[in-house]
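Quick notes on the structure that follows.
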């Protein structure tokens, strides 16, 4: 393992050296205090050569959410805390969806004291109540499972005693080599460091902390973690950069809880506090925002695409649009309307990891239909009941005959447009559209081969 | 495996549909993945078994025996996972919450005492609620009232500061007594620590204040309630009317005060209150004449044949609206969200140059009035028709639109350009605030033409300016109803008379609605039912 770490370090040095030789702006090493000094040294070396950008989005005091905080003394706070505890207790006695007082921890009360209204508190109590109920039910099921496991182990032990032959199977004698998770992780990290040298770049703009509430910040942290993981697991990963990261903010703190080694120098994750305009030249940047008018037509590997790392369930202002306009960047949105029929489920918002997956597939295949397979089906297709039933019988028959039909179902609407990558060649495809149709023969009507 | 499971459910659902009866041994039918079913709310008691329990035990209005109560208690705790020893008492008392079920509630509390179980705070609170419900139908006896006071004493001594729901229960309980309701006032202040006091707490207290002849207190609390944006319930007005009816001399003044209150806060009274008013007028015909009426054309009352007052806002209010509009609605925190600084500057300069107008037209809203997918030639023609409508009446208009409109059909656009001022914004800009800004800047006489209800912009202005904005909007908004086959357009002119309670000459005109709703949405309809009221001096 140590030699791997040494390899990461040398790779990192090579990387820095390589970029410096390329005379591009110095890409900040993953942020630590030591690296900061190095970067500062590096920057000062390059200063006469590079232009100093002022970050218009420096993380100053957030204005959006601090308007309602009034100062109160410690004893007022204690008094309020006691009253709120009484409120929770009485609501629990009434049988409402509030957990018992023993369930609440200090950080729960700290959060409850910040909530502005009674209805907000009620919703939070309901959330904690659900957690309590889930825990209780988990405990019950665990006891049940423990009993079953005991019984099963006793049977197995008895059987093993009576058996004199060699036991074959996973965990005993088998021909399969066990590959551990850490090995896979190291291999994927290696691929990521290679990506940092050669792959196209993608920026995740983390400057929206002040516009999200607590729940949204934790959701955003989880989505960032998932996007990093899915990028790393892909065959051809991007070089991801997390820019404008406020490391004290809730989103980044959440991300650090998911990935504790995030800021280590050997970990292949680029976290910058600087803005992406300071890292990359503006003419290469394209901001992906849903509020603009131009669709992204084709993927350009020379462009650096920016995705705003924001969960916007509460706030629906066009913040990313405003930011792109202010910085004078090019803007684009995904051509969702052109390629998908949008159903009624939960609107056109996509999570960050779905976006990264879409861009990864787009980079790999250049085909929007495959890329947009990552949009959840519940949002897209509006299946009627009969169509669903038809599909189910189809699946059932296919399972009986042990036949793979996914490729047929995927493109059942537009067979002519399926690429060789995704569909196997059908027999006599060149004769498609040329079948004899008695009804239309010599009628003057044109047989349409074009599907909508 | 996944498909087998789905197939099994498919088969079961088909069988269910065919047989039409619920087969008991089937697993609960999970619906197909593509459809969405709302699962029953976790924690709520399933209603079918609850109904059975209710009909068996709680519908009777007499006391139940100890064994019956034991049985009810054990059924509830065993059958439902979320009902346990702590909350079963409050749940049972919640089930007998109607006025007639007071004996049932009392017998349960007695049962608890015989068993030696001390009722907890929630149970006592629910008991107070039952007392309050009973109080509305009959006077409570001395013993009951003293019990209420006792409960209040125990609760208040146990905790020095009570939470909002306990305070509300205590207020409702104290209001049911005759002499001790004054103790409810500091409870209202205690409620404010944790939340705004609820509508029922306020309503109960105000109604009691009115019926105990403490009118000033009642009015003060009413003002507070309106400030907290809670709508007063009918019982307040009913008790006020009942109290005013007792004294004939001050009746007129009281009614005047009530109607001024309704006018100031744009409140609609409900049918119940109207019935009471009519009954009052019948009893005292020489003091008060009340008739239900309808509005004819141009706001003429069908009873007294007078025209309602004009809806115009004062100059000061208009100035305030105009000054703060741009900052609050368009610029807000970040001007780039809706437009750019350069475009805003360009627009301001344009308006300075070409103001004042008679009407400002929202080009895209008008063009898309008859449908979204029309060809641009048709859109441009509709816009040109509207411009012609105003030209025929010799009005100066400004048309607002977006850059892509310059690609619409040439003849229509040229007609518009020659007969109106035109301003085209970027394709990404929100043009509604531009429309409203130009209209406001142009003066009190300018109207605007759009079908948009401007709800978002009204909300962004804040509560006081919102009311002013709505009145201004009502006075000045033209909208396109439709275009007939021949190409003629039907335009809806703004309603220029007031739609809230007000005085015309000496006669009050008061609109009313059918029933009380707690949070009425913004209504853009004219109230159909009005009262025409003359108060003798």
Legend entry - Hits in segment A:321-361 (condition: in contact (Cβ under 8 Å) with a residue 60 or more places away in the chain, within 20 Å of the chain's Cα centre (by Cα) and not in a loop (DSSP other than H, G, I, E, B)): A:352, A:353, A:355, A:356, A:357, A:359, A:360
Inset, instruction - Answer yes if at least one residue in segment B:45-60 is on the phi > 0 side of the Ramachandran plot, modelled with pLDDT under 75 and facing another protein chain (nearest Cβ under 9 Å), and no otherwise. - result: no
Legend entry - Scan of segment B:259-288 for residues that are out of contact with any strand residue (DSSP E or B) (no Cβ under 9 Å at 6 or more places or on another chain) and closer than 17 Å to residue B:219 by Cβ, ordered by number: B:261, B:264, B:265, B:267
Legend entry - Unmet requirement for residue B:199, which otherwise passes all of (1) in contact (Cβ under 8 Å) with a residue 60 or more places away in the chain; (2) over 26 Å from residue A:88 (Cβ atoms): (2)
Legend entry - Residue count for segment A:114-124, restricted to those that are part of a helix (DSSP H, G or I), touching a helix residue (DSSP H, G or I) at 6+ places or on another chain (Cβ under 7 Å) and within 11 Å of chain B (Cβ to nearest Cβ): 2
Inset, instruction - Could you check residue A:162 against (1) within 13 Å of chain B (Cβ to nearest Cβ); (2) at pLDDT below 90 and say which number it fails? - result: (1)
Inset, instruction - Go through (1) closer than 29 Å to residue B:292 by Cα; (2) touching a helix residue (DSSP H, G or I) at 6+ places or on another chain (Cβ under 7 Å); (3) away from chain A (no Cβ under 14 Å) and name the single condition residue B:176 misses. - result: (1)
Inset, instruction - Could you tell me which numbered condition residue B:197 fails, if it satisfies all but one of (1) away from every other protein chain (no Cβ under 14 Å); (2) surrounded by 18 or more Cβ atoms within 10 Å (Cβ to Cβ)? - result: (1)
Inset, instruction - Identify, by number, the condition in (1) modelled with pLDDT of 85 or more; (2) more than 25 Å from residue B:291 (Cβ to Cβ); (3) within 20 Å of the chain's Cα centre (by Cα); (4) surrounded by fewer than 19 Cβ atoms within 10 Å (Cβ to Cβ) that residue B:522 doesn't meet. - result: (1)
Inset, instruction - Being within 15 Å of residue B:360 (Cα to Cα) and surrounded by fewer than 20 Cβ atoms within 10 Å (Cβ to Cβ) is the filter; apply it to segment B:390-420 and report the residue that is nearest to the other protein chains (Cβ to nearest Cβ). - result: B:402
Inset, instruction - Have a look at B:261, B:210 and point out the one that is modelled with pLDDT of 90 or more, at negative phi and surrounded by 19 or more Cβ atoms within 10 Å (Cβ to Cβ). - result: B:210
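For segment B:81-164, which fully contained helices (runs of 4 or more DSSP H) count at least 1 residues that are more than 13 Å from chain A (Cβ to nearest Cβ), crowded, with 18+ Cβ neighbours inside 10 Å and touching a helix residue (DSSP H, G or I) at 6+ places or on another chain (Cβ under 9 Å)?
Those helices (runs of 4 or more DSSP H) span B:102-115, B:121-135, B:142-158.
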Legend entry - 3 or more residues away from chain A (no Cβ under 14 Å), without any contact (Cβ under 8 Å) to a residue 40 or more places away in the chain and within 31 Å of the chain's Cα centre (by Cα): qualifying helices (runs of 4 or more DSSP H) within segment B:309-369: B:315-325
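Under the condition of being more than 7 Å from every other protein chain (Cβ to nearest Cβ) and in contact with a helix residue (DSSP H, G or I) (Cβ under 9 Å, 6 or more places away or on another chain), which residue from segment A:93-108 is surrounded by the most Cβ atoms within 10 Å (Cβ to Cβ)?
A:98
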Inset, instruction - Consider residue B:203 carefully, then state whether it is away from chain A (no Cβ under 14 Å) and assigned to a helix (DSSP H, G or I). - result: yes
Legend entry - Search result, residues across segment A:283-302 that are surrounded by 12 or more Cβ atoms within 10 Å (Cβ to Cβ) and outside any loop (DSSP other than H, G, I, E, B): A:284, A:285, A:286, A:287, A:288, A:295
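Can you work out which of the residues in segment A:196-216 that are free of Cβ contacts under 8 Å to residues at least 60 places away in the same chain and part of a helix (DSSP H, G or I) is nearest to residue A:111 (Cα to Cα)?
Among those residues, the one meeting the criterion is A:215.
The values are calculated or read from the model by the stated rules, or taken from the named source; none is laboratory data. None of these values were measured; they are calculated from a predicted model. A quick note on method: Cβ atoms are made from the backbone with ideal geometry, for glycine too, and the neighbour counts reach across all protein chains shown.
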